[in-house]
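Bear in mind these aren't lab numbers, they're just calculated from the coordinates by the rules spelled out. Treat the numbers as computed from the prediction; the structure is a model and nothing was measured. Counting neighbours? That spans all protein chains shown, and the Cβs are built from the backbone with ideal geometry, glycine included.
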Amino acid sequence: MDEIRRKRLIYRANHRGMKEADVMIGRFVETHIDRLSPEQVDRLESLMDELDLDIMDWLMDRHPVPARHDTDVFAMLKAFEPADREAYR
């Protein structure tokens, strides 16, 4: 992946508009971006096109994950635990 795309993804993941999504998605991307395959990066970008509220509802099992996003990347995000719990306060 080129450096510009990488930086854009990290920025976009950390500036979503909802603090909880910024923490969860932002830290996930910072942690995993360099280990994702090009196909996984495409799936991540597709997921990030969704609204924060929808993503958080799927992560918290309030609503079922649409089939188009029920992927390995979503499973990784759901299993991810940000190290700094203070960020949620």
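Taking Cα centre as origin and charging only the Cβ of basic (Lys, Arg, +1) and acidic (Asp, Glu, -1) residues, the dipole magnitude of segment 3-82 rounds to 280 debye. The local environment of residue 25, defined by Cβ-Cβ distances under 10 Å, has a net charge of -1 under the rule Lys, Arg +1 and Asp, Glu -1. Mean separation of Cα pairs under 8 Å and 6 or more residues apart, divided by the residue count, gives the chain a relative contact order of 32 percent.
In loop segments of segment 24-86 as defined by DSSP, the trypsin sites (Lys or Arg not before Pro) with at most 13 further C-beta atoms inside 10 Å of their C-beta are 62.
Label-to-label distance, residue 10 versus residue 34, with points set 7 angstrom from Cα along the beta-carbon direction: 0.9 nm.
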